[in-house]
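These notes concern the structure reproduced below.
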Amino acid sequence: MHEIYAYDNEKVPEAGDHSIIIDWDGNAKCIIRTTDISIVPFKEVSAEFAATEGEGDKSLEYWRNAHLEFFEEECEKISKTFNEDMLVVCEVFEVVYQ
């Protein structure tokens, strides 16, 4: 969610950025390169993006249900109420090192 980046004082990724992906224990798992970023309201996230992200059955319905719970929890931490007009950061990336 876009507001979390600002709250955490983190930069929103940009195309060309590299990031280290870690597991829950803090162990580095791979390096990715961001290939595309779009910032859209939650309600406008596309089925194509949901499929590309590849979670669950890759459907938009699955993506929305999974992310709704996560975004509601994140909003609670920053004393906000989630709504479907809130902006989300849709990041497309490729693994460059594993």
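Details
- Verdict on F93 being more than 23 Å from D23 (Cα to Cα), surrounded by 13 or more Cβ atoms within 10 Å (Cβ to Cβ) and either acidic (D, E) or touching an Asp or Glu at 6+ places or on another chain (Cβ under 9 Å) (or both): no
- Scanning segment 46-84 for residues that are within 22 Å of A6 (Cα to Cα) and open to solvent by 90 Å² or more (accessible area, probe 1.4 Å) returns E69, F70, E72, E73, E76, K77, S79, K80, T81, E84.
- Looking only at residues in segment 34-45 that are β-branched (V, I, T) and open to solvent by less than 60 Å² (accessible area, probe 1.4 Å), the one that is nearest to H18 (Cα to Cα) is T34.
- Screening segment 11-33 for residues that are out of contact with any helix residue (DSSP H, G or I) (no Cβ under 8 Å at 6 or more places or on another chain) and more than 20 Å from Q98 (Cβ to Cβ) and picking the one that is surrounded by the fewest Cβ atoms within 10 Å (Cβ to Cβ) gives E14.
The values are calculated or read from the model by the stated rules, or taken from the named source; none is laboratory data. All values derive from a computational prediction rather than experimental measurement. Because the Cβ atoms are built from the backbone with ideal geometry, glycine has one as well, and the counts that use them run over all protein chains shown. Please note that ligands, DNA and RNA were not included when accessible areas were found on the heavy atoms of the full protein model with its side chains. Shrake-Rupley method; radii C 1.70, N 1.55, O 1.52, S 1.80 Å.
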